[in-house]
Amino acid sequence: MKRTASVLALFLTAFALLSTSCGTSDYIKSLTLNANGSSAGGTFNLAGVDGTVQLSVIANYNSGKLIDVTNATTWTVTPQGVDNTGTPLPPYGPNTVPITGSGLMTGIVGICTWEDTLNTTVTPNVLWNPPVWKIDGWYQVTATYRNFTSQPIAVGVGVAESNAPTGGCGPS
């Protein structure tokens with residue numbers, strides 16, 4: 001009788017331990033793509049020759065845990081719009097705006113996706129000084145990790161000269 005009670009108590013203890021962990025497995029809910037670098041109105045800018053933007057990707061888990069997965073991420077970069085001369089942006093690649101395995105995006109190609117707008121409050125219309133920047137094109141970046149894709153971010157390129165009277169290209 002003692003043996004049966006001991007086996008029953010052991011069985012009930014094991015069952016209780018196993019049943020309390022059911023349904024609590026942790027899983028990824030979403031990804032968040034972050035960028036550190038100069039920005040204007042939510043658009044980041046590769047300012048100047050070899051300008052950089054540091055990207056990072058955070059996996060958001062069901063339990064609330066946050067894990068940096070930048071080094072295990074694949075990138076999708078899609079050109080949107082035109083440069084400040086009206087030319088379509090070159091495709092993403094190692095000679096345009098490459099992204100390293102650690103998420104560092106660098107502006108290499110000599111383009112400018114920003115232009116200084118005209119001040120139409122005066123006659124004749126003149127360029128603003130200091131510039132009031134308008135973006136004509138950008139690279140849309142998303143990150144993918146374990147079949148999850150992040151929200152997109154926009155990255156403009158200010159590597160070439162613009163039409164601004166002060167030189168440079170885009171916000172810095």
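Filtering segment 103-132 down to residues that are among the β-branched types (Val, Ile, Thr), free of Cβ contacts under 8 Å to residues at least 24 places away in the same chain and in contact with a strand residue (DSSP E or B) (Cβ under 6 Å, 6 or more places away or on another chain), which residue is farthest from VAL69 (Cα to Cα)?
By that ranking, first place goes to VAL126.
Tally the residues that are surrounded by 12 or more Cβ atoms within 10 Å (Cβ to Cβ) and part of a loop (DSSP other than H, G, I, E, B), restricting the search to segment 111-131.
5
How many residues does segment 151-161 hold that are of a type outside the set (A, V, I, L, M) and surrounded by fewer than 22 Cβ atoms within 10 Å (Cβ to Cβ)?
Total meeting the criteria: 3.
For THR142, state whether it is hydroxyl-bearing (Ser, Thr, Tyr) and closer than 18 Å to ASN36 by Cα.
Yes: the conditions hold for THR142.
Return yes or no: is GLY37 surrounded by 12 or more Cβ atoms within 10 Å (Cβ to Cβ), at pLDDT below 75 and either closer than 25 Å to ALA143 by Cβ or touching a His at 6+ places or on another chain (Cβ under 9 Å) (or both)?
yes
Considering only residues that are more than 14 Å from ALA35 (Cβ to Cβ) and modelled with pLDDT of 95 or more, which ones fall in segment 69-86?
Scanning segment 69-86 gives VAL69, ASN71, ALA72, THR74, THR76, THR78, PRO79, GLN80, GLY81, VAL82.
Inside segment 37-86, can you point out the residues that are among the hydroxyl-bearing types (Ser, Thr, Tyr) and either assigned to a loop (DSSP other than H, G, I, E, B) or in contact with a Pro (Cβ under 8 Å, 6 or more places away or on another chain) (or both)?
Within segment 37-86, SER38, SER39, SER63, THR73, THR85 meet the criteria.
Out of curiosity, is VAL97 in contact (Cβ under 8 Å) with a residue 12 or more places away in the chain, crowded, with 21+ Cβ neighbours inside 10 Å and not in a strand (DSSP E or B)?
Considered against the rule, which asks whether it is in contact (Cβ under 8 Å) with a residue 12 or more places away in the chain, crowded, with 21+ Cβ neighbours inside 10 Å and not in a strand (DSSP E or B), VAL97 comes out as yes.
Report yes if THR121 is modelled with pLDDT under 95 and more than 21 Å from GLY48 (Cβ to Cβ), otherwise no.
So THR121 passes the test.
With the structure loaded, tell me whether TRP75 is within 19 Å of PHE44 (Cβ to Cβ) and aromatic (Phe, Trp, Tyr) or whether it fails that test.
yes
The values are calculated or read from the model by the stated rules, or taken from the named source; none is laboratory data. Since this is a predicted model, take the numbers as computed values, not measurements. Heads up, the Cβs are rebuilt from the backbone with ideal geometry, glycines too, and the neighbour counts pull from every protein chain shown.
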